[in-house]
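Chemist: Quick one: structure below, then a few questions.
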Amino acid sequence: MKKIILTVVALSVFGFANAQNKKESNLGFVKGDVFVSGALKFGSDSKVSYYKQDSFVFAPSVGYFVTDNIALGVNFDVGSGSVQATSASGKSKTSTFAAGLAGRYYFTPASQFTLFAELGAAFGMVKSTPVLGNITKVNSFGVALAPGLDYFVSKNFSLETKIALLSYTSSKGDWTGAEKASSVRFGADWTSFTFGANYKF
């Protein structure tokens, strides 16, 4: 009888320890998880012979899983860059700030490797400081659908990449006579490619 009791206790302890190890080694996301991201966004856009626009943006965000598959969060963009319109104009320095809300759907949230689709909307501002002339600002509003993926390298850390697939942007400058401009893009937009890392709480 004593041996049976000891065997049951030993099996129970082993089972509990094994369950704990499995729980601690679980990768991916579940309902109630909070994550903080820090992503980098690079952009380069050339349209005519001399026109060129380059940008570098740091994009932190915070998200919360309201279900196992759906996360809601807030996004920010802070960055700098340059724009050259003609060969004689020189490069104008630019600074960027944007803030918005986003929702994500994760297809396999509890896995080490998971794909997601993000729909987000944001308000932004770009300030341009030319070599000569006045400082100008362009205010904008945008909506974008972006697929992405997360790969967990540990229980709490994952690597993430994302690229815009469908986007709409509306913008207007703050100078006299400025006209409202809008654009729609469909297809992989490498000017909106991000790579970063997540920390899961």
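The values are calculated or read from the model by the stated rules, or taken from the named source; none is laboratory data. What you see is a predicted model; the values in this text were computed from it and never measured. Because the Cβ atoms are built from the backbone with ideal geometry, glycine has one as well, and the counts that use them run over all protein chains shown.
To keep it simple, each residue is scored yes or no on (1) buried (at least 18 other Cβ atoms within 10 Å of the Cβ); (2) of a type in the set (V, I, T).
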position: K91; (1), (2): no, no
position: T114; (1), (2): yes, yes
position: A122; (1), (2): yes, no
position: A146; (1), (2): yes, no
position: T161; (1), (2): no, yes
position: R185; (1), (2): no, no
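Chemist: Which of the following residues is under 23 Å from F58 (Cα atoms) and in contact with a Phe, Trp or Tyr (Cβ under 9 Å, 6 or more places away or on another chain): F123, F113?
Modeler: Matching residue, one of F123, F113: F123.
Chemist: Follow-up. Looking at F116, F141, which one is more than 30 Å from E179 (Cβ to Cβ) and under 19 Å from the mean Cα position of the chain (by Cα)?
Modeler: F116
Chemist: Which residue pairs have Cβ atoms under 7 Å apart, sit 6 or more places apart or on different chains, and have a first residue in region 55-68 that is in a strand (DSSP E or B) and a second that is modelled with pLDDT under 90 and basic (K, R)?
Modeler: V57/K41; A59/K41
Chemist: OK, next. Restricting the search to region 22-55, which residues are closer than 26 Å to S92 by Cα, surrounded by fewer than 14 Cβ atoms within 10 Å (Cβ to Cβ) and either among the polar types (S, T, N, Q) or modelled with pLDDT of 80 or more (or both)?
Modeler: Of everything in region 22-55, those that are closer than 26 Å to S92 by Cα, surrounded by fewer than 14 Cβ atoms within 10 Å (Cβ to Cβ) and either among the polar types (S, T, N, Q) or modelled with pLDDT of 80 or more (or both) turn out to be S44, S46, S49.
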